[in-house]
Amino acid sequence: MEYHQNVYTCTYKNNKGQKCAAGCFIADEEYHGMFEGKSWTSLVDMGLVPEAHHSAIRYFQRIHDESSPSSWRESLEEYAKMKSLNFNYE
């Protein structure tokens, strides 16, 4: 997520091909530049991405956008426990 003039916008894939936490769930052949600047929820509402796993992807976006990389492991582990998932960070 990038900050522009007091507004946060989503950047799913940059010109170097790097992807954000949600962008890595979009296959290169399904990606379209019009996704940029729209929230994941907007993309779902517009039918541009599937609704499946919407809450998980939004959760991963929040981890990525709102916390430091040093806390990502703990946040992901907490999510796994919350969802009764196996967690292997290695």
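The values are calculated or read from the model by the stated rules, or taken from the named source; none is laboratory data. The structure displayed is predicted, hence computed values, not measured ones. Cβ coordinates were reconstructed from backbone atoms using ideal geometry, including for glycine residues, and neighbour counts include every protein chain displayed.
As an exercise: evaluate TYR3 against (1) loosely packed, with under 12 Cβ neighbours inside 10 Å; (2) of a type outside the set (Val, Ile, Thr); (3) part of a loop (DSSP other than H, G, I, E, B); (4) modelled with pLDDT under 90 and give the number of the one condition it does not meet.
(3)
Testing ASN15 on (1) in a helix (DSSP H, G or I); (2) free of Cβ contacts under 8 Å to residues at least 24 places away in the same chain, one condition comes back false. Which one is that?
(1)
So which residues in region 4-63 are more than 21 Å from ALA80 (Cβ to Cβ) and charged (D, E, K, R), if there are any at all?
Within region 4-63, LYS13, LYS16, LYS19, ASP28, GLU29, GLU30, GLU36, LYS38, ASP45, GLU51 qualify.
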